[in-house]
1. Within the set of pairs 6+ apart or on separate chains, which have a first residue in segment A:118-131 that is among the aliphatic types (A, V, I, L, M), a second that is part of a loop (DSSP other than H, G, I, E, B), and C-beta atoms under 8 Å apart?
2. In segment A:99-140, what residues are more than 11 Å from every other protein chain (Cβ to nearest Cβ), farther than 21 Å from residue B:165 by Cα and either under 20 Å from the mean Cα position of the chain (by Cα) or among the basic types (Lys, Arg) (or both)?
3. If we keep just the residues of segment B:91-108 that are in contact with a Ser or Thr (Cβ under 9 Å, 6 or more places away or on another chain) and closer than 27 Å to residue B:70 by Cα, which is surrounded by the fewest Cβ atoms within 10 Å (Cβ to Cβ)?
4. Which condition number does residue A:63 fail, the rest of (1) basic (Lys, Arg); (2) touching a Ser or Thr at 6+ places or on another chain (Cβ under 9 Å); (3) surrounded by 19 or more Cβ atoms within 10 Å (Cβ to Cβ) being met?
5. How about segment A:225-273: which of its residues are of a type outside the set (S, T, N, Q), open to solvent by 50 Å² or more (accessible area, probe 1.4 Å) and assigned to a loop (DSSP other than H, G, I, E, B)?
6. Enumerate the pairs (first residue in segment A:22-43 and free of Cβ contacts under 8 Å to residues at least 40 places away in the same chain; second residue anywhere and basic (Lys, Arg) and open to solvent by less than 40 Å² (accessible area, probe 1.4 Å)) with beta-carbon separation below 6 Å, excluding pairs fewer than 6 apart on the same chain, so at least 6 apart or on different chains.
7. For residue B:87, state whether it is at pLDDT 95 or above, within 22 Å of residue B:128 (Cα to Cα) and within 14 Å of chain A (Cβ to nearest Cβ).
8. Scan segment B:141-169 for residues that are facing chain A (nearest Cβ under 7 Å), assigned to a helix (DSSP H, G or I) and free of Cβ contacts under 8 Å to residues at least 60 places away in the same chain and jot them down.
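The values are calculated or read from the model by the stated rules, or taken from the named source; none is laboratory data. Computed from a predicted model, the values in this text were never measured in an experiment. Using ideal geometry, Cβ is built from the backbone for each residue, glycine included, and neighbour counts are taken over all protein chains shown. These accessible areas exclude ligands, DNA and RNA; they are computed on the full protein's heavy atoms, side chains included. Shrake-Rupley method; radii C 1.70, N 1.55, O 1.52, S 1.80 Å.
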There are 2 protein chains.
Amino acid sequence: MRPVKLAFPLLCDDSNYFSLMFTTDYFAEIIERGISDIVYPAKPAGLFAPIRYTLEGGGKRLRPVLLLASAEAFGCNPEVALPQAVGIEMFHNFTLLHDDVMDNADVRRGRPTVHRRWNSSTAILSGDAMLTMATQFMADCDKSLMPDVMAMFNKTAMEIYMGQQYDMDFEHRDDVTVDEYLEMIRLKTSVLLACACRIGAMLAGADEKSADAMYRYGELLGLAFQLQDDYLDTYGDPALFGKEIGGDIINEKKTWLWINAMAEARERMEKILDRKLTDYLKVKEIKEVYDSLDLPARSHELITRYTDMAINALSEAGIPAEARAFFTSLAGKSVSRSH
Amino acid sequence: MRPVKLAFPLLCDDSNYFSLMFTTDYFAEIIERGISDIVYPAKPAGLFAPIRYTLEGGGKRLRPVLLLASAEAFGCNPEVALPQAVGIEMFHNFTLLHDDVMDNADVRRGRPTVHRRWNSSTAILSGDAMLTMATQFMADCDKSLMPDVMAMFNKTAMEIYMGQQYDMDFEHRDDVTVDEYLEMIRLKTSVLLACACRIGAMLAGADEKSADAMYRYGELLGLAFQLQDDYLDTYGDPALFGKEIGGDIINEKKTWLWINAMAEARERMEKILDRKLTDYLKVKEIKEVYDSLDLPARSHELITRYTDMAINALSEAGIPAEARAFFTSLAGKSVSRSH
């Protein structure tokens, strides 16, 4: 049994306390329990079954892990922050659900998407319910914190929609700049990681400077994370990555790799595209352009730079060494991860 | 200029005060200003243009009128309740936007639906943003009221999704009972009117008994309103109703009229449907069944009963005579309205 409320760092007399606690598995376990403890109304099943299906489909649980770890880092029992952790995972899954309808995607985490398994009306409506449920979980905190928590959450949600809109706009543009791309992924991906870190800190009563530092950490981690995701889509190990390698190239998605290749070798790129190659050859030849421009290494330089900046941001947050080690290690893993 | 904060009933020495103020037009004008004052980010236009288009498409503004009138009835300056009034209208329009995608509807309020004018991805994403913006407007109130206002709003939102799911489920069932139908329209339509009335009262600091009475008024009004809507779909004046008469019959929608006809004259109904008639003849013959069962008059009896119950509920709310007259008149109009 965990104590009801941790008064960190007063409980640190046991030097093993943090090393046992500050692991992704520890937080992930709390989250899985929180998710499986969600009580859904029995009826109408058509509304709630897809929500359960979506949430129980797994995933890294990165956002709620960040939220709980950030709360714990500032001395708050993760159990206290669990509603918000579940809320942020619910929100993230809502965005995936609706994105899958917009992208007409067939598979998510190795299973049929909701709009394939059910239909798109179900996917839209269940997604709407997930957004409202996420808001309910977010609001389930101390009344004195509620206005700030809600403001942070709603602002982040708006930014994510903006990011998704830019992402869709980019499909119809061939002049997207690297800066525009980075701003798009900041909005679409990073701010939710940042929000998770900041809400965790807020729930623990962290000071503004520390909460801002945690936000900045999450934001930079998010950039590194998404750039690594883009990298893996082209250069990942098919056995580990979980989806088809080269999907971004086949769909001519404006990733960091694509945008740079277009900026530096547009003619070669367009020649390849004009030839209407098979998917296999298209991926192969575009990768050759990427390689010739040294884009994989340059991408990794950028990822490492963001990761270092994220780790540096932690020094502004008043958190104990053990917590800092956890967040540092998490950032390091984002650079080296293979899936 | 209105006083910044009304301390009703202290300002009632002027006997014309309420009669000037308690009109639908007065509240609707405040709402239109609130809606046109919404500041949208300039970019990305693809996200915000459809929101403005949807909100500025008109409509009865019934929900925000109820919210402001309820606030005013308990002595709160409607300007204070304006964010929540805009929020509830934003929420209502979000549900219409997503419903239109689910129903694949072409026209809303005489103009192309968002997914027709833009596309369904835009409609889904802009709708999501409207839900979050609605939540932001709702949260824009005194901090001490925020937990209760948010709880009321989120609970109502969940009920509305449930109502929409039941509505979709009913399409594939031929054994829907009248009670099930009434519960569906209560969830899909009534609870939002009820929520509007209750939040207005809450913002004005009304006691629980009064707030509950206003909720009950809105709920019963909503039932009367939706039954009248169903009636008008079949029996309305085409020149006034704004959409094609008989649409529900053509689509074999399980309305109160349809369900009763199926319960009392299933054989006749099925014979007509088996003949695969033209829309015109189908509407004509089904209407003849409705008429032979006296359903128009029986429908109006039920509408009148709900309206009377709504008006009676007002007696439990501690509101002045002039406010009560306003809500009574509004309920009366729902029975007699022709569009």
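1. A:123/A:113
2. A:105, A:107, A:108, A:109, A:110, A:111, listed by residue number.
3. Top of the filtered list is B:96.
4. That leaves (2) as the condition not met.
5. Result: A:237, A:242, A:243, A:244, A:252, A:253.
6. Qualifying pairs under 6 Å: A:28/A:61.
7. Details: at pLDDT 95 or above: yes; within 22 Å of residue B:128 (Cα to Cα): yes; within 14 Å of chain A (Cβ to nearest Cβ): yes.
Criteria met by residue B:87.
8. Filtering segment B:141-169 for residues facing chain A (nearest Cβ under 7 Å) gives B:143, B:146-147, B:150, B:154, B:157-158, B:161-162, B:164-166, B:168-169.
From what is left, the residues that are assigned to a helix (DSSP H, G or I) are B:146-147, B:150, B:154, B:157-158, B:161-162, B:164-166, B:168-169.
Matches in segment B:141-169: B:146, B:147, B:150, B:154, B:158, B:161, B:162, B:165, B:166, B:169.
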